[in-house]
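Everything on this sheet refers to the single structure shown next.
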Amino acid sequence: MRASSRRPHPPALLPWRPILASFVALLGIVLFAASAQACPFCSAPQLTLSEQIAQSDAAVIGEWQSGVAPDFDAGTPGSTTYRIEKIIKSSAAELAVDQTITVKEYFPGEQKQFALLIGNQDLGVSQLIETFQVLVTQQVPAAMAVELNWLSPLDISPQGFEYVANAPGPENDPRERLRYFVKYLEATDPLVADDAYAEFANAPYETIVAVKDSFPREKVRGWVFSETTPVTRLGLYGLMIGLCGTPEDQEMLREKVVRNDEDFRLGIDGVMAGYLLLSGDTGLAALEEAKLKPSLKTPSPVPFSETFATLQAIKFMWEYGKPTISSERLQESMRILLKHPDLADLVIIDLARWEDWTLLNEVKTMYGSEPYDVPAIKRAIVGYLIACTKQRPEDSAAEVPAFVTEAEAFLAELEESDPKTVKTARLLFR
């Protein structure tokens, strides 16, 4: 078997531009919101090979045999014939090793070149007629011919052959599946490495934690600090070293995360989260001193992307990192960023979600004052007030907290002075 020349290529990275800061912030919010269902610091989940196979009617590994080039004058697309080397799945048709199958498109190749072929049941006219007869007569014929529509073949290397042939499907224990895929995260075949990464990107954080004993710590540490590691995987590897690392790794991570010498470091939020998992309160204090407090200066010596990455790491610890860092300590850290105009609306919303009701006087002062007199921040403040009012006890005889009545009074004032903002915020923060 020889490796194919047809390989997926990672997307080119655009240089960081300050004008994209707001977009990056919004994208981060969207991705983090889905973190309960998928890896918090991985790129958007994609359909993996095992998932494609699970959703198919048939899947085989075939060896290229011959091809008929397309005839553009005649309008024919050509065809390619493969010999079945290994059957991975066959639920809709009878398939056998050494049987040949033909794909209705021409793909150049040579013998000993293998490809993954995925087929789905394709009902032709005759099959549709038979199906209709079954529905009308309720009589199932002795045998119904099944045709498979084979998708474009995916060339695979010898490593890819082994990987696909032995990969556990989605019906297996998720923990056992990740223990298989972790071995291929930095495979030499980009197709294999990318697919193994996608399996982790699709996995819930709880499942990733459950298999941390299978992480190759020395390799993971090397990936985190290697200049050749794809930056799209750095967030996952940073998280992994935080789950399986040692005090030695903690110090190395600190040196990496406190730097402010680059405008944009994709995946550094995952590395920060891994650092916080290892270091707890000590690490949070280090990030505050390196990222949060200096970012409040004008001009800030900290790139916006680094401050935002720290915010994401703190939010991760709130969702998954307690009691390594307490709720009160995380709220305290988040409140530092309340004075950051570019992040104030996000911080207010998060602290409302975290039920930190100590901000009431501060947000009242902020409303409509510079540099916070922008629609997004004003809507966030109204959302905070609404969250406060929802803390009124259901028992009418119970004592009402002072912050609730104060929030209700200020909200009533804004209903009169800024009804448009309040109306919009009520739609957003129900």
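Only the coordinates and a few stated rules stand behind these numbers; no lab work does. Every value quoted in this text rests on a predicted model; they were computed, and no experiment measured them. As a convention, Cβ positions derive from the backbone with ideal geometry for all residues, glycine included, and neighbour counts pool all protein chains shown.
Under 5 Å from the amide H of residue 99 lie the amide H atoms of 84, each residue being 5 or more positions distant or on a separate chain, with H modelled from the backbone and absent for Pro and chain starts.
Note: the chain, Cα convex hull, 237 Å³ per residue. Between residue 52 and residue 319, the FRET efficiency from the beta-carbon distance, with R0 = 22 Å, is close to 0.15. Distance between the pseudo-spin-label points of residue 112 and residue 418 (7 Å out from Cα toward the beta carbon): 7.3 nm. Taking the charge dipole of the chain about its Cα centre, with +1 at Lys and Arg Cβ atoms and -1 at Asp and Glu Cβ atoms, the residue from 106, 349, 118 reaching farthest to the positive side is 349.
Straightening the chain between residue 335 and residue 358 buys 7.3 nm, computed as 0.36 nm per residue apart minus the Cα-Cα spacing. Distances between every pair of Cα atoms in the stretch 218-340, grouped in 5 Å steps from 0 to the bin holding the largest one, split as 2, 12, 24, 25, 20, 11, 5, 1, 0 percent.
Computing FRET efficiency as 1/(1 + (r/R0)^6) for residue 225 and residue 81, where r is the C-beta to C-beta distance and R0 is 45 Å, gives about 0.40.
Using a cutoff of 8 angstrom between alpha carbon atoms and counting only pairs six or more residues apart, the relative contact order for the stretch 164-249 works out to 23 percent. Highest mean packing comes first when the peptides 340-346, 317-323 are listed by Cβ atoms within 10 Å, giving 340-346, 317-323.
Here the gap between residue 285 and residue 96, fully extended at 0.36 nm per residue and compared with their Cα-Cα distance, gives a gain of 61.8 nm.
Using every Cα-Cα pair within the stretch 343-430, state what percent have a distance larger than 20 Å. Result for the distance tail: 27 percent. Scanning residues 5 or more positions from residue 106 or on other chains, those with amide H under 5 Å from its amide H are 79, with H placed 1.01 Å from N in the peptide plane. Residues 308, 429, 410, arranged from fewest to most other Cβ atoms within 10 angstrom of their Cβ, appear as 429, 410, 308. Among the cysteines of the chain, those whose beta-carbon sits 4.7 Å or more from every other cysteine beta-carbon are 244, 388.
With neighbour counts taken as other beta-carbon atoms within 10 Å, the residues 90, 417 rank, fewest first, as 417, 90. Remark: 334, 272 ranked as 334, 272, counting other beta-carbon atoms within 10 Å and listing the fewest first. Straight-distance candidates among the lysines for linking to residue 104, with alpha-carbon spacing under 22 Å and chain neighbours fewer than 8 residues away dropped: 86, 89, 112. P(r) tail for the stretch 75-120: Cα pairs beyond 15 Å make up 47% of the total. Over the chain, Cα pairs under 8 Å with separation of 6+ residues give a relative contact order of 12 percent. Between their Cα atoms, which of 256/322; 212/339; 293/378; 293/322; 183/291; 297/378 are more than 31 Å away from each other? Where the Cα-Cα span goes over 31 Å, the pairs concerned are 212/339; 183/291.
Apply the Debye scattering formula to the stretch 254-313, with a single equal point scatterer on each alpha-carbon and no solvent, then give log10 I(q)/I(0) at q = 0.15, 0.26 Å⁻¹. Summing over Cα pairs of the stretch 254-313 leads to -0.36, -1.09.
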